[in-house]
Amino acid sequence: MNILANVPSSYGFVILIYLYSWVMLVYLAAQVIEARTKYKVKYPAMYSDKDQMFNCIQRAHQNTLEVYPQWLVFQTIAASVYPLTASVLGAVWVTSRFFYAWGYYTGEPEKRMNGAFGYIGYFGVIL
């Protein structure tokens, strides 16, 4: 039985979104690594008692990691039936995580809501 015979021809777009999400995670992780050096936050500490800015950078990454597994599951399920729609919704969600992080990186946590448009992509693949 050829497994690929059952994969929609447009599933390549879904794979690109998974790769895009990996790039996003690497970017967010790199920001935390850089902030650890800049704000002198040693492992295994997750947050700083002294620098709220580090906490904002770390929190942007941590929150993304908290929702990423659920997004992957729903993205995969939706993509198995609607690969193009899921790809567009996935691109919206992944892109929103950059805006979410950049808002947090200002040091004003309420600006993380710049990425609130990602709920369209997140809930879109759930529905």
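The values are calculated or read from the model by the stated rules, or taken from the named source; none is laboratory data. From a predicted model like this one, the values you see are computed outputs, not experimental measurements. Don't worry about glycine lacking a Cβ; one is built from the backbone with ideal geometry, like all the others, and counts go over all protein chains shown. Note: accessible area is taken over every heavy atom of the protein model, side chains too, but ligands, DNA and RNA are not part of it. Shrake-Rupley method; radii C 1.70, N 1.55, O 1.52, S 1.80 Å.
Figures for the structure shown
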{"item": "Test: residue 68 is of a type in the set (Ser, Thr, Tyr) and under 14 Å from the mean Cα position of the chain (by Cα)", "result": "yes"}
{"item": "Residue check, residue 89 of a type in the set (A, V, I, L, M), modelled with pLDDT of 95 or more and farther than 16 Å from residue 14 by Cβ", "result": "no"}
{"item": "One residue from 75, 62 being polar (S, T, N, Q), in a helix (DSSP H, G or I) and open to solvent by less than 40 Å² (accessible area, probe 1.4 Å)", "result": "75"}
{"item": "Checklist (1) more than 23 Å from residue 86 (Cα to Cα); (2) surrounded by 11 or more Cβ atoms within 10 Å (Cβ to Cβ) applied to residue 14, failing item", "result": "(1)"}
{"item": "Residue list for region 88-127, restricted to those being assigned to a helix (DSSP H, G or I) and among the polar types (S, T, N, Q)", "result": "95, 96, 114"}
{"item": "From the options 48, 96, residue that is of a type outside the set (D, E, K, R) and in contact (Cβ under 8 Å) with a residue 24 or more places away in the chain", "result": "96"}
{"item": "In region 78-105, the residues that are under 27 Å from residue 34 (Cβ atoms) and open to solvent by 70 Å² or more (accessible area, probe 1.4 Å)", "result": "99, 102"}
{"item": "Index of the failed condition, residue 46 passing every other in (1) in a loop (DSSP other than H, G, I, E, B); (2) touching a helix residue (DSSP H, G or I) at 6+ places or on another chain (Cβ under 6 Å); (3) open to solvent by 30 Å² or more (accessible area, probe 1.4 Å)", "result": "(2)"}
{"item": "Of the criteria (1) modelled with pLDDT of 95 or more; (2) farther than 18 Å from residue 76 by Cβ, which one residue 94 fails", "result": "(2)"}
{"item": "Where a residue in region 58-74 is over 14 Å from residue 104 (Cβ atoms) and its partner, wherever it lies, is in a helix (DSSP H, G or I), with Cβ under 6 Å and at least six apart", "result": "74/125; 74/126"}
